[in-house]
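The values are calculated or read from the model by the stated rules, or taken from the named source; none is laboratory data. For clarity, every value in this text was computed on a predicted model and none was experimentally measured. Every residue, glycine among them, receives a Cβ derived from its backbone with ideal geometry; neighbour counts consider all protein chains shown.
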Amino acid sequence: MDEELKKNMEQTCQELGMNMTTAITIFAKKLTREKRNPFEVSIDPFYSESNMEHLRRGVEALNAGKGVEHDIIEVANEENLV
(Lines give C-alpha, C1' and ligand atoms only; values in the text may rest on other atoms or scores of the structure.)
Protein backbone atom coordinates (compact mmCIF):
# COMPACT_ATOMS: atom_id res chain seq x y z
CA MET A 1 0.00 0.00 0.00
CA ASP A 2 1.53 3.32 -0.99
CA GLU A 3 1.89 6.10 1.57
CA GLU A 4 -0.83 8.33 0.08
CA LEU A 5 -3.40 5.52 0.12
CA LYS A 6 -2.42 4.60 3.67
CA LYS A 7 -2.74 8.22 4.81
CA ASN A 8 -6.17 8.56 3.16
CA MET A 9 -7.37 5.27 4.66
CA GLU A 10 -6.18 6.29 8.14
CA GLN A 11 -8.05 9.61 7.77
CA THR A 12 -11.26 7.90 6.63
CA CYS A 13 -11.05 5.31 9.41
CA GLN A 14 -10.55 8.08 11.96
CA GLU A 15 -13.63 9.90 10.61
CA LEU A 16 -15.57 6.65 11.05
CA GLY A 17 -14.30 6.26 14.62
CA MET A 18 -11.99 3.32 14.04
CA ASN A 19 -8.41 2.54 13.12
CA MET A 20 -7.00 0.65 10.12
CA THR A 21 -6.60 -2.58 12.09
CA THR A 22 -10.32 -2.56 12.91
CA ALA A 23 -11.24 -1.83 9.27
CA ILE A 24 -9.05 -4.67 7.99
CA THR A 25 -10.42 -7.02 10.66
CA ILE A 26 -13.98 -6.18 9.60
CA PHE A 27 -13.04 -6.95 5.99
CA ALA A 28 -11.33 -10.24 6.93
CA LYS A 29 -14.26 -11.44 9.06
CA LYS A 30 -16.83 -10.60 6.39
CA LEU A 31 -14.73 -12.21 3.64
CA THR A 32 -14.26 -15.36 5.72
CA ARG A 33 -17.90 -15.57 6.80
CA GLU A 34 -19.37 -14.98 3.31
CA LYS A 35 -16.62 -16.76 1.33
CA ARG A 36 -16.67 -13.92 -1.22
CA ASN A 37 -15.40 -10.41 -1.74
CA PRO A 38 -17.76 -8.36 0.45
CA PHE A 39 -17.41 -5.25 -1.72
CA GLU A 40 -18.76 -4.50 -5.15
CA VAL A 41 -15.79 -4.04 -7.45
CA SER A 42 -16.57 -1.71 -10.32
CA ILE A 43 -15.21 1.29 -12.15
CA ASP A 44 -16.77 4.64 -11.29
CA PRO A 45 -17.24 6.46 -14.62
CA PHE A 46 -16.61 9.79 -12.85
CA TYR A 47 -12.93 8.86 -12.68
CA SER A 48 -12.60 7.94 -16.38
CA GLU A 49 -9.54 9.42 -18.05
CA SER A 50 -11.67 11.57 -20.37
CA ASN A 51 -13.64 13.03 -17.47
CA MET A 52 -10.51 13.65 -15.41
CA GLU A 53 -8.91 15.45 -18.38
CA HIS A 54 -12.05 17.59 -18.75
CA LEU A 55 -11.86 18.47 -15.04
CA ARG A 56 -8.14 19.31 -15.33
CA ARG A 57 -8.85 21.66 -18.25
CA GLY A 58 -11.61 23.32 -16.23
CA VAL A 59 -9.34 23.84 -13.23
CA GLU A 60 -6.61 25.28 -15.48
CA ALA A 61 -9.13 27.70 -17.03
CA LEU A 62 -10.33 28.79 -13.59
CA ASN A 63 -6.77 29.25 -12.35
CA ALA A 64 -6.01 31.34 -15.46
CA GLY A 65 -8.98 33.60 -14.72
CA LYS A 66 -10.96 32.29 -17.67
CA GLY A 67 -13.77 30.76 -15.66
CA VAL A 68 -17.41 31.56 -16.32
CA GLU A 69 -19.85 31.91 -13.42
CA HIS A 70 -23.25 30.34 -13.98
CA ASP A 71 -26.46 30.71 -12.04
CA ILE A 72 -27.70 27.65 -10.18
CA ILE A 73 -30.37 25.87 -12.18
CA GLU A 74 -33.10 24.42 -9.99
CA VAL A 75 -34.58 21.19 -11.31
CA ALA A 76 -38.30 20.84 -10.68
CA ASN A 77 -39.46 17.56 -9.18
CA GLU A 78 -42.43 15.65 -10.58
CA GLU A 79 -44.87 17.17 -8.05
CA ASN A 80 -44.14 20.65 -9.37
CA LEU A 81 -44.74 19.56 -12.96
CA VAL A 82 -48.38 18.58 -12.39
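Here VAL82 meets the list (1) surrounded by 10 or more Cβ atoms within 10 Å (Cβ to Cβ); (2) at pLDDT below 90; (3) over 18 Å from the mean Cα position of the chain (by Cα) almost entirely, failing just condition (1). Does ILE43 fit the bill of being among the β-branched types (Val, Ile, Thr) and surrounded by 10 or more Cβ atoms within 10 Å (Cβ to Cβ)? Against the criterion (among the β-branched types (Val, Ile, Thr) and surrounded by 10 or more Cβ atoms within 10 Å (Cβ to Cβ)), ILE43 does not qualify.
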